[in-house]
Amino acid sequence: MQITRQADYAVRAVLYLTNLDENQRVATSTIAEKQRIPPSFLAKIISQLSIAGLLHTSRGARGGVTLARDARDISLLDVVEAIDGPIQLNECVDASGLCSFEDDCPMKSVWCDAQADLVKTLKDTNFSDMTGKK
């Protein structure tokens, strides 16, 4: 499993915003330049993060992007799922009837446990923790 490039860029953009002063707005072009993210790609990512309630965006001379919540209240899981959707290591983890081995599969519990561990780690890691900003 590998997170998408889009989710990686989203994490880097939120991490960049976390390091700014509280309520400081920054242009999307600045984030793109500093984080080496293609500007057109970042615009789509910013839109998705805004729809998910993780970022505020505003246009105009005083416009820019800011975090919509405190960095302590934004987890890695929030950002990854805002971009890629729910984490699912294997189709059998969340849906029944998709695997012909479902009734007698020694792997299902392994996949379920691995997914639960990954989701917990991502959920328990917030952006304040990663930057050391309290």
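Any read-out appearing in this document is the output of simple, stated calculations on the displayed coordinates, not a laboratory observation. Since the model is a prediction, treat every value here as computed from it, not as a measurement. A quick note on method: Cβ atoms are made from the backbone with ideal geometry, for glycine too, and the neighbour counts reach across all protein chains shown.
Highest GNM mean-square fluctuation among 110, 65, 14, for the chain modelled with Cα contacts below 10 Å: 110. In a reduced charge model with +1 at each Lys and Arg Cβ and -1 at each Asp and Glu Cβ, the range 5-131 shows a dipole moment near 960 debye about its Cα centre. Sorted fewest first by neighbouring Cβ atoms within 10 angstrom, 16, 9 come out as 16, 9. Residue order for 66, 121, fewest other beta carbons within 10 angstrom first, comes to 121, 66. For residue 55, the residues whose modelled amide H falls within less than 5 Å of its own, excluding neighbours fewer than 5 places apart on the same chain, are 50, 68.
The base-10 log of I(q)/I(0) for the chain, evaluated at q = 0.10, 0.12, 0.15, 0.21 Å⁻¹, reads -0.39, -0.53, -0.73, -1.19 [Debye formula, identical scatterers on Cα atoms, solvent excluded]. When peptides 20-26, 76-82 are sorted by average Cβ neighbour count within 10 Å, with the highest value leading, the order is 76-82, 20-26.
Just to be sure I follow the rule: in the range 5-131, considering lysines 8 or more places apart or on different chains, how many pairs have Cα atoms under 26 Å apart?
The number of close lysine pairs in the range 5-131 is 4.
Model label points for residue 128 and residue 8, set 7 angstrom from Cα along the Cα-to-Cβ axis, are 2.9 nm apart.
With a Förster radius of 35 Å applied to the beta-carbon distance between residue 99 and residue 56, the computed FRET efficiency rounds to 0.25. Counting only cysteine Cβ atoms and a cutoff under 4.7 Å, the chain contains unmatched residues 105, 112. Taking each DSSP H run with n ≥ 4 as -39500 (n - 2.57) and averaging over every residue of the chain yields -15500 deg cm²/dmol at 222 nm.
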